[in-house]
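Encoded as structure tokens, the structure appears first; notes follow it.
Just so it is clear, none of the values below were taken in a lab; they were calculated from the coordinates. The shown structure was predicted, so the numbers you read here are calculated from the model rather than taken from an experiment. So basically every Cβ, Gly included, is an ideal-geometry build from the backbone, and we count neighbours across all protein chains shown.
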Amino acid sequence: MTTQTMPLSRTTNRRLLKLLIVIIFFGIIIAYAISRSFNYVSGPEIKIFEPINGSTTTSPTVTIQGQALRVNKITLNGKPISIDEKGYWKESIIIFQGLNKITLYAEDQFGRNTKEELDLVGEI
């Protein structure tokens, strides 16, 4: 004896399709929310593009460039510096003879902070 399975009715197919569409819709919303919240979970970040840490300069001034991600405020040796809408910044500082320690400090909107230090040797 063989058993026959009845095909699903049109109404059942429509219900399954609607359920699948709702599940996909909410899955997309959840994936988007997770991807957007990753930046908030990561905390602030400071990148220094130039000069290279530990480099030597014979110039009395040097321009420091970098990018600050996910920050509300950033300071260079305690002095606030401004950043553009993409987080890029550029500051010139005076270099003294010998070792110069430069400290960048950044804080995000949740009070989390990070610090990057740059050592430059002045041979003036």
Residue with peak Gaussian network fluctuation, the chain [Cα springs, cutoff 10 Å], from Ile30, Ile64, Ile93: Ile30
Residue-by-residue Karplus 3J(HN,Hα) for segment 70-85, coefficients 6.51, -1.76, 1.60, Hz, glycine and proline x: 6, 10, 9, 8, 9, 10, 10, 6, x, 9, x, 10, 9, 10, 7, 5
Where Rh is the Kirkwood radius over Cα pairs, Rg/Rh for segment 44-122: 0.98
Amide hydrogen neighbours beyond the local backbone of Ile64, cut-off 5 Å, H modeled: Glu91, Ser92, Ile93
Exposed chymotrypsin sites (Phe, Trp or Tyr not before Pro) absent: longest stretch of the chain, with sites in DSSP loops and at most 16 other Cβ within 10 Å deemed exposed: 1-95
Over the chain: helical MRE at 222 nm, DSSP H runs n ≥ 4 each giving -39500 (n - 2.57), nearest 500: -9500 deg cm²/dmol
Residue-wise HN-Hα coupling along segment 106-113, computed from phi with Karplus coefficients 6.51, -1.76, 1.60 (Hz; x: Gly, Pro): 10, 9, 9, 5, 9, x, 6, 9
Mean separation of Cα contacts under 8 Å, 6 or more apart, over the residue count of the chain: relative contact order %: 26
